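Peer 1: Just dropping this structure here.
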């Protein structure tokens, strides 16, 4: 049932005592601890073909965008665009099938936070 509880937790939106009580209950059931600082982890595996996991930590609720760029700085794909996330740790499985082989960069923007990392696609 863990994945179902995680889906419910990730989809909760809104404000109020009832929503906060449900969030707190799900955090305790899932063992979720609110991160103290923003971070974007290195994708794994890296190099990869065709999928990789990108993990990030949010200390506060934020609107999140994840954008992938080629070596020339051109936007290639935006797998996450202005999605609201609650404070917590998240993992995104990224499908790099449409990417060409080589170095790419991914940038996570979340409110006032932003971080860039490098990844390598091998086909």
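The values are calculated or read from the model by the stated rules, or taken from the named source; none is laboratory data. Quantities reported herein were computed from a predicted structural model and do not represent experimental measurements. Neighbour counts run over all protein chains shown; Cβ positions are idealised from the backbone, glycine included.
Peer 1: Can you tell me which residues in the stretch 6-27 are over 18 Å from the mean Cα position of the chain (by Cα) and either assigned to a strand (DSSP E or B) or closer than 30 Å to residue 68 by Cα (or both)?
Peer 2: 14
Peer 1: Regarding residue 31, is this residue loosely packed, with under 14 Cβ neighbours inside 10 Å, more than 30 Å from residue 118 (Cβ to Cβ), at pLDDT below 85 and under 19 Å from the mean Cα position of the chain (by Cα)?
Peer 2: It is true that residue 31 is loosely packed, with under 14 Cβ neighbours inside 10 Å, more than 30 Å from residue 118 (Cβ to Cβ), at pLDDT below 85 and under 19 Å from the mean Cα position of the chain (by Cα).
Peer 1: Looking at the stretch 66-95 only, could you name the residues that are in a loop (DSSP other than H, G, I, E, B) and closer than 30 Å to residue 34 by Cβ?
Peer 2: Once the filter is applied, which keeps residues that are in a loop (DSSP other than H, G, I, E, B) and closer than 30 Å to residue 34 by Cβ, the stretch 66-95 yields 86, 87.
Peer 1: Only one of these is modelled with pLDDT of 95 or more and under 17 Å from residue 112 (Cα atoms): 48, 56. Name it.
Peer 2: 56 is the lone residue from the list that is modelled with pLDDT of 95 or more and under 17 Å from residue 112 (Cα atoms).
Peer 1: Can you tell me how many residues in the stretch 28-58 are without any contact (Cβ under 8 Å) to a residue 24 or more places away in the chain and not in a loop (DSSP other than H, G, I, E, B)?
Peer 2: Qualifying residue count for the region: 2.
Peer 1: Take residue 63 and tell me if it is exposed (fewer than 15 other Cβ atoms within 10 Å of the Cβ), touching a strand residue (DSSP E or B) at 6+ places or on another chain (Cβ under 9 Å), outside any strand (DSSP E or B) and at pLDDT 90 or above.
Peer 2: no
Peer 1: Name, by its number, the condition in (1) surrounded by fewer than 17 Cβ atoms within 10 Å (Cβ to Cβ); (2) at pLDDT 95 or above; (3) under 12 Å from residue 43 (Cα atoms) that does not hold for residue 93.
Peer 2: Result: residue 93 fails condition (2) only.
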